[in-house]
Amino acid sequence: MPLKNSALHNSVILSLLGRCWRWSVFLMFPLLLILYVEVMGVSFNDFDAGVNQHKWLIVLFYLLYVLVWLRFNRHVTAFIEQRRR
């Protein structure tokens, strides 16, 4: 019985990991924005009305993350599927 419970637990964790991996592409932009505002010590209103260079920097970081995500997506998905079996 403990083996089935452990297998079910692993399956739930792997399913959650897979979903988090897929959703990370969508959630990374707001996360980068929040982190940038916190690290730079500016309010969001100042950031929103501020220089476009900062905005382009966030877009660049996001696009770099998407490129990394696309590069590793096949490997991560295959790893999750392999562990699920």
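No value in this document is a laboratory result; all are computed from the given coordinates. Keep in mind the model is a prediction, meaning the values are calculated, not measured. Glycine gets a Cβ as well: all are built from the backbone with ideal geometry, and neighbour counts include every protein chain shown.
General observations
- 3J(HN,Hα) along region 26-42: 7, 8, 5, 5, x, 5, 4, 4, 5, 4, 4, 4, 5, 5, 6, x, 10 Hz, from the Karplus curve 6.51 cos²θ - 1.76 cosθ + 1.60 with θ = phi - 60°, whole Hz, x for Gly and Pro.
- Derived scalar couplings ³J(HN,Hα) [region 64-75; Karplus, 6.51 cos²θ - 1.76 cosθ + 1.60; whole Hz; x for Gly, Pro]: 5, 4, 4, 5, 5, 4, 5, 5, 9, 4, 4, 5
- Other residues lying with their Cβ under 15 Å from the Cβ of F61 contribute a combined charge of 0, Lys and Arg counting +1, Asp and Glu -1.
- The label-point distance for R74 and I13, in a model that sets each label 7 Å from Cα toward Cβ, rounds to 2.8 nm.
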